[in-house]
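Chemist: Before I ask anything, let me first share the structure, which is written out below as structure tokens.
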Amino acid sequence: MANPLLLGFTALLLILADASSPSAADSIHDLLRAYGLPGGLLPREVEYYSLDRASGDLEVRIGRPCYAEFDGTVLFDRVVRANLTYGGLRSLVGVTQEELFLWLPVREIVVSDPASGVILFDIGLAHKRISLSLFEFPPECTPGDDGGWLSGARDG
């Protein structure tokens with residue numbers, strides 16, 4: 001007969017592992033869709049992600065900083081962090097968007113009404129309304145600058 005304490009501990013470890021790490025079959029793009037967001041918000045070059053399903057804390061790792069084109073140029077840092085909620089990436093860190101020659105941090109991405117066909121980007125100074133159709137497929141990223149001048153812009 002197995003030790004009940006050992007069985008309980010093993011079950012707890014399995015539950016915790018399931019809560020904090022994605023299934024190998026899941027992609028970050030599928031995860032975004034499951035949370036009511038378009039799958040193309042993050043680039044194809046995502047190497048790894050982790051999600052704490054209890055808190056919504058999401059961490060996405062990309063091999064190197066890279067640029068993607070949507071409604072304008074977006075820079076993804078090596079690590080992107082956010083709080084994932086249904087229809088939103090909140091407290092976003094690691095994504096900046098070029099606006100009028102300035103790099104502004106994207107603080108939040110929200111789809112409040114999918115029927116509207118619009119996604120909302122909070123870039124601090126303004127809220128941008130962008131067509132959801134631009135985010136249907138994950139973009140291909142071009143390598144970005146790993147230099148210091150951008151880190152100041154990304155930090156806000």
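The values are calculated or read from the model by the stated rules, or taken from the named source; none is laboratory data. Since this is a predicted model, take the numbers as computed values, not measurements. As a convention, Cβ positions derive from the backbone with ideal geometry for all residues, glycine included, and neighbour counts pool all protein chains shown.
Chemist: Residues that are at pLDDT below 95, acidic (Asp, Glu) and surrounded by 13 or more Cβ atoms within 10 Å (Cβ to Cβ): does the stretch 71-87 have at least one?
Modeler: yes
Chemist: Kindly list, by first and then second residue, each pair from a residue in the stretch 101-129 that is surrounded by 12 or more Cβ atoms within 10 Å (Cβ to Cβ) to a residue that is of a type in the set (S, T, N, Q), limited to pairs with Cβ atoms under 6 Å and residues at least 6 apart or on different chains.
Modeler: From residues that are surrounded by 12 or more Cβ atoms within 10 Å (Cβ to Cβ), the pairs are Trp103/Thr96; Leu104/Gln97; Pro105/Thr96; Val106/Gln97; Ile123/Gln97.
Chemist: Sticking with this structure for a sec: Please name all residue pairs, on different chains or six or more residues apart, with Cβ atoms under 9 Å, provided the first residue is in the stretch 65-90 and is farther than 13 Å from Pro105 by Cα and part of a strand (DSSP E or B) and the second residue is of a type in the set (Gly, Ala, Ser) and modelled with pLDDT under 95.
Modeler: Cys66/Gly144; Tyr67/Gly144; Arg78/Gly63; Gly88/Ser112
Chemist: What residue, among those in the stretch 33-64 that are part of a helix (DSSP H, G or I) and in contact (Cβ under 8 Å) with a residue 24 or more places away in the chain, is surrounded by the fewest Cβ atoms within 10 Å (Cβ to Cβ)?
Modeler: Ranking the qualifying residues of the stretch 33-64, first place goes to Gly39.
Chemist: For the stretch 1-32, what are the residues that are of a type outside the set (A, V, I, L, M) and either surrounded by 14 or more Cβ atoms within 10 Å (Cβ to Cβ) or at pLDDT below 50 (or both)? Give the steps one after another, and end with the answer.
Modeler: Residues of the stretch 1-32 of a type outside the set (A, V, I, L, M): 3-4, 8-10, 18, 20-23, 26-27, 29-30.
If the condition is that a residue be of a type outside the set (A, V, I, L, M) and either surrounded by 14 or more Cβ atoms within 10 Å (Cβ to Cβ) or at pLDDT below 50 (or both), then Pro4, Gly8, Phe9, Thr10, Asp18, Ser20, Ser21, Pro22, Ser23, Ser27, His29 are the ones that fit.
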